[in-house]
């Protein structure tokens, strides 16, 4: 066999890639960058970021763009899994979704460019950590009603601070918060509700009874140890 003859056999690794194989797919994992693998941080000059908006399950993040960056990878930190990609974007700002309620997150942004082979992205710079937090869900009328029933004065105060309009909505039994506090005999909570703006003249939407009516009725019924007022608006109540 002539050793000088050219070998026309193709090695599989040297096959030319088709155009479709060269298409950049953001869903694919990032190509490992040698500068990151050795622990060297890629500084992002003049980086600034701010949280534009926080909701129960999302935060909106804005940052200073990096020149020549084509796309940005937004990542959140996980104790066991380290940094995990949560969003892709070609511009700022970005809403990061699917977050836990009332939770603080460490986020960072990777500025990416095309690799030399044009088949993947590599990191140009990594931002400092950005601290962002989601907010707690607004308290509901049911939550306030339970807090009043259990005599949780400070919880009632905190709920009203977060959502002052709760004083205007009736509980499942049909009574407004002040009337329910009177029914339960919670003097400290009555004081909190009055300070929050509860009216003694605003009545039950169903029968029109005001907190003053409720208080006078309770005075007449305490002697027999029953609370018929509490049953109004409930199945089986007299509704009078």
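With the condition kept exactly as written, say whether any residue in region 132-151 is under 23 Å from residue 102 (Cβ atoms), crowded, with 19+ Cβ neighbours inside 10 Å and touching a strand residue (DSSP E or B) at 6+ places or on another chain (Cβ under 8 Å).
Yes; the residues of region 132-151 include at least one that is under 23 Å from residue 102 (Cβ atoms), crowded, with 19+ Cβ neighbours inside 10 Å and touching a strand residue (DSSP E or B) at 6+ places or on another chain (Cβ under 8 Å).
Looking at region 60-104, which of the residues that are touching a residue at least 60 places away in the same chain (Cβ under 8 Å) and within 20 Å of residue 122 (Cβ to Cβ) is surrounded by the fewest Cβ atoms within 10 Å (Cβ to Cβ)?
Restricting to residues being touching a residue at least 60 places away in the same chain (Cβ under 8 Å) and within 20 Å of residue 122 (Cβ to Cβ), the top hit is 88.
Taking the criterion of being closer than 30 Å to residue 78 by Cα, surrounded by 18 or more Cβ atoms within 10 Å (Cβ to Cβ) and free of Cβ contacts under 8 Å to residues at least 40 places away in the same chain, would at least one residue in region 122-129 satisfy it?
Scanning region 122-129, I find no residue that is closer than 30 Å to residue 78 by Cα, surrounded by 18 or more Cβ atoms within 10 Å (Cβ to Cβ) and free of Cβ contacts under 8 Å to residues at least 40 places away in the same chain, so the answer is no.
Can you find even one residue in region 189-200 that is more than 20 Å from residue 140 (Cβ to Cβ), part of a loop (DSSP other than H, G, I, E, B) and modelled with pLDDT under 85?
Scanning region 189-200, I find at least one residue that is more than 20 Å from residue 140 (Cβ to Cβ), part of a loop (DSSP other than H, G, I, E, B) and modelled with pLDDT under 85, so the answer is yes.
Collect the residues in region 166-180 that are in a helix (DSSP H, G or I) and surrounded by 18 or more Cβ atoms within 10 Å (Cβ to Cβ), keeping them in residue-number order.
166, 167, 177, 178, 179, 180
Which one of the conditions (1) modelled with pLDDT of 55 or more; (2) crowded, with 17+ Cβ neighbours inside 10 Å; (3) on the phi > 0 side of the Ramachandran plot does residue 208 fail to meet, given that it meets all the rest?
Single failed check for residue 208: (2).
The values are calculated or read from the model by the stated rules, or taken from the named source; none is laboratory data. Computed from a prediction, not measured in an experiment: that's the story for all the values here. Note: ideal-geometry Cβ built from the backbone for every residue, glycine included; neighbour counts use all protein chains shown.
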